[in-house]
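Q: Below you'll find the structure I mean.
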Amino acid sequence: MTTEQRNDAQEVIELTNYIGATLGISPQNIFGKSRIPEHADARAICQYVLRSRGWNYQRIADSYGQKCHATAMHNVARIERMMKLSNAVDLGLKLTTKKAPSMAETSV
C-alpha cells in the first residue's frame, strides 16, 4: 500500500466514523452493502463529501468497495437533489410565515 493509499484510507475512515457518529449509524453499516435507507443515505453523504473534496468517482467507489464509479455518481447526484429539495422546503416554510410577494411586485 502506497502512502497515498494509506492517506486515502485514513481520510475515508475518519469521515465515515464522523458521519456515522453524527447519524447514529455504525461505520460497518456505512461501508457495507446494506440497502436500508439510513445506511445508504449515510454512505451517499460520505461519497458526496469526498466528491466535494475533489475525489474522482472511481476513487470514491474503490474506497467503499463498489464495483464501478456509477454508484458513486448516483449517490452524489442523489444528495445534490436532496439538498435542492431541502432548500425549496426551507423557502416554502419561510413563505408560510410571511406574506408572499404578489406577481406584480416580482415582475421586471
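What follows is calculated from the coordinates using simple rules that are stated; it is not laboratory data. Keep in mind that what you see is a predicted model, and the values were worked out from it rather than measured. FYI the Cβ positions are ideal-geometry reconstructions off the backbone, even for glycines, and counts take in every protein chain you see.
Q: Relative contact order (percent) for the chain, with alpha-carbon contacts under 8 angstrom and 6 or more residues of separation? Could you put the intermediate results ahead of the total?
A: Working: 67 pairs, mean separation 19.5, N = 108.
With pairs under 8 Å counted, the relative contact order is 18 percent.
Q: For the residue pair Thr22 and His69, what label-to-label distance in nm results when each label sits 7 Å from Cα along the Cα-to-beta-carbon direction?
A: Placing both labels 7 Å beyond Cα along the Cβ direction yields 2.6 nm.
Q: If you put +1 on each Lys and Arg Cβ and -1 on each Asp and Glu Cβ, how big is the dipole of region 1-41 around its Cα centre, in Debye rounded to 20?
A: 200
Q: Compute the signed sum of charges (Lys and Arg +1, Asp and Glu -1) over the other residues within less than 13 Å, Cβ to Cβ, of Ile60. Provide the component values of the computation, followed by the final result.
A: Details: positive: Arg43, Arg51, Arg53, Arg59, Lys67; negative: Asp8, Glu11, Asp62.
Around Ile60, the charge tally is +2.
Q: To test your reading of the geometry: what angle, between 0 and 90 degrees and rounded to tens, separates the Cα axis of helix 37-52 from the longest principal axis of the chain?
A: Around 90 degrees separate the two axes.
Q: Using just the alpha carbons, could you tell me how many Å³ per residue the convex hull of the chain encloses? Write down the numbers at each step before the final one.
A: Values: hull volume 15.6 nm³, N = 108.
For the chain, the hull spanned by Cα atoms encloses 145 Å³ per residue.
Q: Follow-up question, since we're still on this one. What 222 nm value per residue comes from the helices of the chain, counting each DSSP H run with n ≥ 4 as -39,500 (n - 2.57) and dividing by all residues, nearest 500 deg cm²/dmol?
A: On the way: 6 runs with 82 residues, N = 108.
The helix contribution divided over the chain gives -24500 deg cm²/dmol.
Q: Among Glu4, Glu11, which comes first, then next, by fewest other beta-carbon atoms within 10 Å? Could you put the intermediate results ahead of the total?
A: Details: Glu4 8, Glu11 15.
If I rank by nearby Cβ atoms, fewest first, I get Glu4, Glu11.
Q: Sticking with this one: May I ask you to sort Arg78, Arg35, Arg6, Arg43 by Cβ crowding, counting other Cβ atoms within 10 Å and putting the fewest first? List each step's numbers first, then the result.
A: Values: Arg78 16, Arg35 7, Arg6 10, Arg43 25.
Fewest-to-most Cβ neighbours within 10 Å comes out as Arg35, Arg6, Arg78, Arg43.
Q: For Ile19, what is the net charge nearby, where nearby means another residue's Cβ is under 13 Å from its Cβ and Lys, Arg count +1, Asp, Glu -1?
A: Details: positive: Arg43; negative: Glu11, Glu14, Glu38, Asp41.
Value of the local net charge: -3.
Q: Extension gain Glu38-Ala88, at 0.36 nm per residue separation less the Cα-Cα distance, in nm? Each step should come with its number before you reach the end.
A: On the way: separation 50, 0.36 × 50 = 18.00 nm, distance 2.20 nm.
Gain on stretching Glu38 to Ala88: 15.8 nm.
Q: Sort Leu91, Leu15, Leu50 by Cβ crowding within 10 Å, fewest neighbours at the top.
A: Leu91, Leu15, Leu50
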